[in-house]
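The structure under discussion appears below in the form of structure tokens.
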Amino acid sequence: MKKLGLFLTLFSVTLLLSVGIVSVFQTDVATTTACVGLFEASFYALTKFNIIPMPAGILGEYIGAPGASSSGGAGVQVINSERNRGAFMTLRTNPEYAGKDITDSYLRFETLISNASNKLSFKTYVGDGTTQTPTEKRLDRNDKFMITSWGFFLIAQPVGKSNGRLHSYPNLTDFTPLNALVAPDLESIFNGELVVTVNRKKVIPAYDMQRFLKVPETQQSAATNRDQRDISKALVPLTPHVEIDGSGTNEIEITFPSHAAWVGGTPAAGFAHYGCLYAHGFLITGGSANI
């Protein structure tokens, strides 16, 4: 069946090419068709026996090594419709990361929200500055990470615990237990912008925080229930992807409009308010440029 499909495909391509050539150059139909067919057959034979390497990456990726499978097949080139697969292949074929382990992973950066500042700055690698929270996952100094999608969340974290929920909007139940202004003031963070600077270069000069605001259709209405939530729907695809280096200079900062009476950083007793930047992507173990 596969051979029949291949034959019909080659026949159709031959016919279309022949018609095109005859129409443009007014050549003889029979001769043109024969020449086109001979060329296709020759090209197929040369790639089949690896005399000419199969062009990589034209339509997507190869499943199996061309000409080297146990059954003697040439490998199948498929159209790549999975966004993350494309990102992975970009890293996998980069000579800079030859021999490195590249795995699907995540990062989670957290920073305390304060009434005294309209900026949120995130530390990116283990051991950088302030104490790392139990729920954070920073980058090792020896590694590199490609961010393919990310999201910003608010957390009302119980002090000394790690069970605070990630909220992609100012949840009224978690953030307004004592002060009716807290949740509305937290909304102003989503009116700000995010800037990413890697090794002194602004790779993202201004990214509007509104992209991260995801209000679910079904929202929490009491301490006994929860929001409808799906982490995959709360994350935003990032194009172009951003690579951060564990031993590089990575600055990630959110600036938002504030005012003198801003109280978004005022939690209920026994809680603390955090901003969380959550990223999905690929971890390149030992991929730091400085090792």
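Throughout, read-outs are computed from the coordinates displayed, never taken from laboratory work. None of the values given here were measured: they were computed from a predicted structure. Quick reminder, even Gly has a Cβ in these numbers, built from the backbone with ideal geometry, and neighbours come from all protein chains shown.
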Point-to-point label distance, residue 223-residue 165, nm (Cα→Cβ direction, 7 Å offset): 1.3 nm
Derived scalar couplings ³J(HN,Hα) [segment 153-168; Karplus, 6.51 cos²θ - 1.76 cosθ + 1.60; whole Hz; x for Gly, Pro]: 9, 9, 10, 9, 8, x, 4, x, 10, 9, 10, x, 8, 7, 10, 8
Relative packing of 144-151, 111-118, 230-237, 179-186, which averages over residues the other C-beta atoms within 10 Å, highest first: 144-151, 179-186, 111-118, 230-237
Sequence of 208, 140, 174 once ranked by neighbouring C-beta atoms within 10 Å, starting from the fewest: 208, 140, 174
Inter-label distance for residue 187 and residue 208, nm, one decimal - labels placed 7 Å from Cα along Cα-to-Cβ: 1.7 nm
Packing-based order for 93-100, 214-221, 278-285, using average beta carbon neighbours within 10 Å, highest first: 278-285, 214-221, 93-100
Environment charge of residue 142, counting only residues whose C-beta is closer than 15 Å and scoring Lys/Arg +1, Asp/Glu -1: -3
Phi-based couplings in Hz for segment 272-286 (Karplus 6.51, -1.76, 1.60; Gly and Pro marked x): 9, 9, 10, x, 10, 9, 10, 10, 9, x, 10, 8, 9, 5, x
Relative contact order of segment 111-186, pairs being alpha-carbon contacts under 8 Å that are 6 or more residues apart, as %: 16 percent
Amide H contacts of residue 265 (H built 1.01 Å from N, under 5 Å, at least 5 apart or other chain): 115
For segment 220-236, 3J(HN,Hα) per residue [Karplus equation, 6.51 cos²θ - 1.76 cosθ + 1.60, θ = phi - 60°, Hz, x = Gly/Pro]: 5, 10, 7, 5, 9, 9, 9, 5, 6, 8, 9, 4, 5, 7, 8, 8, 10
Neighbourhood charge, 11 Å Cβ-Cβ cut-off, centred on residue 108 and excluding it, Lys, Arg +1 and Asp, Glu -1: 0
Pairs from 123/233; 161/233; 100/202; 123/161; 161/214; 100/201 whose Cα-Cα separation, in the structure shown, is over 23 Å: 123/233; 161/233; 100/202; 161/214; 100/201
Under 14 Å, Cβ to Cβ, from residue 255 - net charge with Lys/Arg +1 and Asp/Glu -1: -2
Segment 212-282 versus segment 95-171: alpha-carbon centroid distance in Å: 10 Å
